[in-house]
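Reading through the structure tokens given below for one structure.
The values are calculated or read from the model by the stated rules, or taken from the named source; none is laboratory data. As the structure is a computational prediction, the values presented were derived from the model and not from experiment. Methodologically, a virtual Cβ is constructed for each residue, glycine included, from the backbone with ideal geometry; neighbour enumeration extends over all protein chains shown. Side chains are part of the model used for accessible areas, which takes the heavy atoms of the whole protein and leaves out ligands, DNA and RNA. Shrake-Rupley method; radii C 1.70, N 1.55, O 1.52, S 1.80 Å.
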Amino acid sequence: MAQIQTNTWEGLIEKRKNVDVPEGLWLRCPSCTAMIYRKVMEEALHTCPDCQHHFRVSARQRIHMLVDAGTFEEMDADLAPRDILEFIDKKSYAQRLFDEQAKTGAKDGVHVGRAFIKGRPIMLAVMDFEFMAGSMGAVVGEKLTRAIERATKENLPLVIVSCSGGARMQESTISLMQMAKTSAALARFDDAGGLFISVLSDPTYGGTTASFAMLGDLIFAEPKAMIGFAGARVIASTIRAELPDGFQRAEFLCEKGFIDKIVRRADLRSAIARSIDYCGK
Ligand SMILES: [Zn+2]
């Protein structure tokens, strides 16, 4: 390895990046490069105490941070996906599902159920990026649809927290039809006068963005979240043009009117509770 010059500012930063850090106790903020004590980061709702970078969280961590303690009543946790197409990419879809289920302890990539936020009852769905990049297959679509239909029947405000790479390619058209299915259920929910608050976290892409995630009565996004349909590189090479600064960042989309409000994680509970009260739900 080349000798690092430590007599310049750049050299010092480079040296800092190369210091071996024991796994677990400390971590480096990918945004401001500060070293953060993991416990401090966790207590700050998985954000950097220096620059407020929002770290990605699992669905379980999100639920824990978002709802009133002990109020999440999970539904359809046993709904499990099947490898209908016997799809094989680098490994078989069946094996992939087995591995992801073993890793996360969940049957698929969304957790749904009733909960309370600051004492207000809601129907909640939280996508889990840890399970196959939060991709939407038949089970994710079905669980979301059931949650929307229950919210309609029980006249509950609906909150969906998206964190997803898009439709699940291993389920091909079956995954794509979940876009229409969830959107149709939301249209019926809307006809019944329901309130849908869509929360977009980093990243929200593809079929998720192109269906339910963008159909909220209110659309909140976490700071700096990447949100789009196709990735920036694909778009840049397709249209052969330079993309503007901040392209697909939450702040850029908010400025263009795609998102209603950027909400810091620490303010999310209050923002949802306030919106429910304001809409008289
Ligand atoms: Zn930071």
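Could you size up the charge dipole of segment 162-281 around its Cα centre, putting +1 on the beta carbon of Lys and Arg and -1 on that of Asp and Glu, and report it in debye to the nearest 20?
Numbers: 14 positive and 13 negative charges, 40 e Å.
It works out to roughly 200 debye.
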Test item: Cα-centred dipole of segment 48-134, Lys/Arg +1 and Asp/Glu -1 on Cβ, debye: 200 debye
From the convex hull of the Cα coordinates of segment 169-281, what is the mean projected area in square nanometres? 8.4 nm²
Please list 3J(HN,Hα) in residue order for segment 31-46, calculated via the Karplus relation 6.51 cos²θ - 1.76 cosθ + 1.60 where θ = phi - 60°; whole Hz, with x for glycine and proline. 8, 9, 6, 5, 7, 10, 6, 3, 5, 5, 5, 5, 5, 8, 6, 6
Burial order of peptide ranges 105-116, 220-231 (average beta-carbon count within 10 Å, highest first): 105-116, 220-231
Connecting every pair of Cα atoms under 10 Å apart in the chain and solving the GNM, the largest mean-square fluctuation among R96, R233, R264 falls on R233
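Rounded if a/c is under 1.5, else prolate if a/b is larger than b/c, else oblate: which is the chain, with a ≥ b ≥ c the root eigenvalues of its Cα gyration tensor? Please report the intermediate quantities before stating the final value.
Working: a/c = 1.60, a/b = 1.38, b/c = 1.15.
Since a/c reaches 1.5 and a/b is larger than b/c, the shape of the chain is classed as prolate.
Suppose every Lys and Arg Cβ carries +1 and every Asp and Glu Cβ carries -1, with no other charges. What dipole size does the chain come out with about its Cα centre, to the nearest 20 debye?
The dipole of the chain has a size of about 180 debye.
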For segment 65-159, what does the accessible surface come to per residue with a 1.4 Å probe? Please give it in Å². 45 Å²
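Give, as a single signed number, the net charge of other residues whose beta carbon lies under 14 Å from the beta carbon of A138, with Lys and Arg counted +1 and Asp and Glu -1.
Numbers: positive: R82, K107, K143, R146, R168, K181; negative: D76, D83, D108, E142, E171.
Counting the neighbours of A138, the net charge comes to +1.
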Karplus-derived HN-Hα couplings along segment 183-198 (A = 6.51, B = -1.76, C = 1.60, θ = phi - 60°), whole Hz, x at Gly and Pro: 5, 5, 5, 5, 5, 5, 4, 5, 4, 7, x, x, 9, 10, 9, 9
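What's the carbon and sulfur percent of the chain's accessible surface, probe 1.4 angstrom, rounded to a whole number?
Working: 7890 of 14630 Å².
Answer for the chain is 54 percent, counting heavy atoms of protein chains only.
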Can you pick out the pairs among K224/K256; K90/K181; K143/K224; K107/K143; K224/K261 whose Cα atoms lie more than 21 Å from each other? K90/K181; K143/K224
Between D83 and D190, with labels modelled 7 Å along Cα→Cβ, what's the label distance in nm to one decimal, could you check? 3.8 nm
Quick test of your reading: applying the under-4.7 Å Cβ rule, which cysteines of the chain are isolated? C163, C254, C279
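Count charges around L218 for me, please; just the other residues with Cβ under 10 Å from its Cβ, Lys/Arg as +1, Asp/Glu as -1.
On the way: positive: K261; negative: D217, D260.
Every neighbour counted, the sum reads -1.
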Which of G216, G165, G246 fluctuates most in a GNM of the chain (C-alpha springs under 10 Å)? That residue is G246
Applying a 10 Å radius around every beta-carbon, put 145-158, 194-207, 48-61 in order of their mean neighbour count, most first. 194-207, 145-158, 48-61
Can you give me the accessible area per residue for segment 162-281, using a 1.4 Å probe, in Å²? 48 Å²
Within the set of other residues whose C-beta is less than 14 Å from the C-beta of I262, count the net charge using Lys and Arg as +1 and Asp and Glu as -1. 0
